[in-house]
1. In segment 161-175, what count of residues is obtained for those that are part of a loop (DSSP other than H, G, I, E, B) and either surrounded by 22 or more Cβ atoms within 10 Å (Cβ to Cβ) or in contact with a strand residue (DSSP E or B) (Cβ under 8 Å, 6 or more places away or on another chain) (or both)?
2. Report the residue count in segment 37-64 for those that are surrounded by 10 or more Cβ atoms within 10 Å (Cβ to Cβ), part of a loop (DSSP other than H, G, I, E, B), at pLDDT 85 or above and out of contact with any Pro (no Cβ under 9 Å at 6 or more places or on another chain).
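The values are calculated or read from the model by the stated rules, or taken from the named source; none is laboratory data. Nothing here was measured: the structure is a model prediction, and the numbers come from that model. Cβ atoms come from the backbone with ideal geometry, glycine included; neighbour counts cover every protein chain shown.
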Amino acid sequence: MSPRGRVLFGMAAALAVLASSACAATPDPTADLLVTAPDFNEFAGDANNPGVHAFLERRCGTLDCHGQPGHAFRLYSSGGLRLPNDAGLISGGGADTPAEILANYRSLIGLQPEETNRVVAHLDPPTSLLVVAKPLALQTHKGGQELATGDSGDACLESWLVGEISLRACQDAAQVP
């Protein structure tokens, strides 16, 4: 048998083994994934701290960015996409609702839940997450580079992800247009 035939045979055998082992366990669609996530209250903010949410809404939640239905990382905001509600809130009117803030938190955490676990556990750096890497231009981002390493937005987001939120950075980032 020619060397090329042996390689092809070896690949076919390997594929057969992989295919048979892949069928060994059927995924459970009802199983839950436990995600260790950064603090929701620090994300949402309060009267003393705007939180991570205010910064993300201001910088990323507009209708031409992540404030539109087609994005995997979708942000609801008073100035952008709104969740359906009974108050008749439309873009540009009314404050963010608690449901919108929670939806934004879930959108961020749900983007890469397994990797978020690793970042929160300090096994991987925050830059391994798309929500950090893309605005820093470490990966291609349709909106271009939105953050610079170490600026207030980057410091707010990364410090929150590792459980050491910089309130000052989040306050400053929420003010940047």
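1. 1
2. 5
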